[in-house]
Ligand code: AP5
């Protein structure tokens, strides 16, 4: 099963993808998590990506496609994957289509999480993320705090605010989302329908979202 999770920064793509991963037993591929892992390692790719990420700009399509192709080729993706935060531009969506054909994979569903901008800003400014690159569990100081303040429930690493969570950078990320990523909804809406396309109110509780996705 191959699912694309669309939605603005803070809509809950990472949170919902982590639930679906447990539900369907397929991996979550978050391009944001892959890039943050590379930044933390200090690799050449990470250094290049960091120049874009720290101001909220999108990382160039060729870098992203290289990461996604390498990740989808790993054995655990044989039964499919959840693509969290990818594609984010029309050229990425075109390149994904070609890649899936090449790999003999089929897209099953595109899920769009919708939420008003003030809710997105509130969620992003109150989110905390596990600093361990191989965990990156998502918390929220109001709705999902870790059991012990500042410590990840899963791996015990520090739980911190991301570098791209200042108000200025968040506003830039939301603008880029509106200009560059939102048009993907029309893009997938126009495709001959071999997969399901659903829009879900991301302002609901995580349990409600889970129920709606099961029905869809
Ligand atoms: P990325 O890491 O993908 O960030 P994003 O898309 O901006 O999305 P976020 O991770 O900020 O939010 P989310 O929707 O996953 O929400 P979450 O579940 O955490 O990308 C970061 C950067 O990397 C980009 O800016 C770009 O530079 C680069 N990049 C990545 N992919 C790229 C690509 N394909 N092309 C080019 N560049 C790329 O939830 C947010 C908070 O809300 C959490 O605290 C959570 O606990 C809470 N929450 C979530 N859902 C609920 C709910 N239903 N009720 C209550 N609280 C909730």
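Please arrange 164, 153 by how many other C-beta atoms lie within 10 Å of their C-beta, fewest to most. Mind showing how you got there, number by number?
Numbers: 164 19, 153 15.
Arranged by neighbour count, lowest to highest, 164, 153 become 153, 164.
By the gyration tensor of its Cα atoms, with a ≥ b ≥ c the square roots of the eigenvalues, what is the shape of region 82-185: rounded for a/c under 1.5, prolate for a/b over b/c, or oblate?
Numbers: a/c = 2.51, a/b = 1.52, b/c = 1.65.
Oblate is the answer for region 82-185, as a/c is 1.5 or above yet b/c matches or exceeds a/b.
Give the order of 39, 206, 111 when sorted by the count of other beta carbons within 10 angstrom, beginning with the fewest. Write down the numbers at each step before the final one.
Working: 39 18, 206 15, 111 23.
The order, fewest Cβ neighbours first, is 206, 39, 111.
Could you tell me how far the Cα centroid of region 29-97 sits from the Cα centroid of region 3-19, in Å?
Here the two parts' Cα centres lie 15 Å apart.
Say a paramagnetic label sat at a point 7 Å from the Cα of residue 105, along Cα to Cβ; which residues of region 30-72 have their backbone N under 17 Å from it?
Zone members listed by number: 30-35, 62-72.
Just need the relative contact order of the chain here, percent rounded to a whole number, with Cα pairs under 8 Å and 6+ apart.
Details: 315 pairs, mean separation 64.5, N = 216.
Dividing the mean separation by the residue count of the chain yields 30 percent.
Using 0.36 nm times the number of residues separating residue 51 and residue 98, minus their current alpha carbon distance, what extension gain do you get? Spell out each step's value before the answer.
Details: separation 47, 0.36 × 47 = 16.92 nm, distance 2.82 nm.
So the extension gain works out to 14.1 nm.
What ranking do 5, 103, 213 get, fewest neighbouring Cβ atoms within 10 angstrom at the top?
Numbers: 5 24, 103 12, 213 18.
Least crowded to most crowded, the residues run 103, 213, 5.
Points 7 angstrom from Cα along the Cβ direction at residue 179 and residue 61: gap in nanometres?
1.6 nm
For region 100-136 and region 152-216, write down the distance between their C-alpha centroids in whole Å.
4 Å
Using just the helices of the chain, give the 222 nm mean residue ellipticity in deg cm²/dmol: DSSP H runs with n ≥ 4 each add -39,500 (n - 2.57), and the total is spread over all residues, rounded to 500.
-13500 deg cm²/dmol
Using 0.36 nm times the number of residues separating residue 149 and residue 125, minus their current alpha carbon distance, what extension gain do you get?
Numbers: separation 24, 0.36 × 24 = 8.64 nm, distance 1.65 nm.
Working it through step by step, the gained length comes to 7.0 nm.
Tell me, what is the FRET efficiency for residue 190 and residue 114 to the nearest 0.05, using R0 = 25 angstrom and their Cβ-Cβ distance as r? Before the final figure, lay out each step's value.
Values: r = 19 Å, r/R0 = 0.75.
Rounded to the nearest 0.05, the efficiency is 0.85.
Assign one of three labels to the chain, namely rounded, prolate or oblate, based on the Cα gyration tensor with a ≥ b ≥ c the square roots of its eigenvalues; rounded applies when a/c is under 1.5, prolate when it is not and a/b is larger than b/c, and oblate otherwise.
Values: a/c = 1.34, a/b = 1.21, b/c = 1.11.
Rounded, because the longest to shortest axis ratio a/c is under 1.5.
Taken together, the values in this text are just the output of simple stated rules run on the coordinates, not laboratory data. Bear in mind that the values here come from a model prediction, so they are computed numbers and not experimental data. Here Cβ is always computed from backbone atoms with ideal geometry, including for glycine, and neighbour counts include all displayed protein chains.
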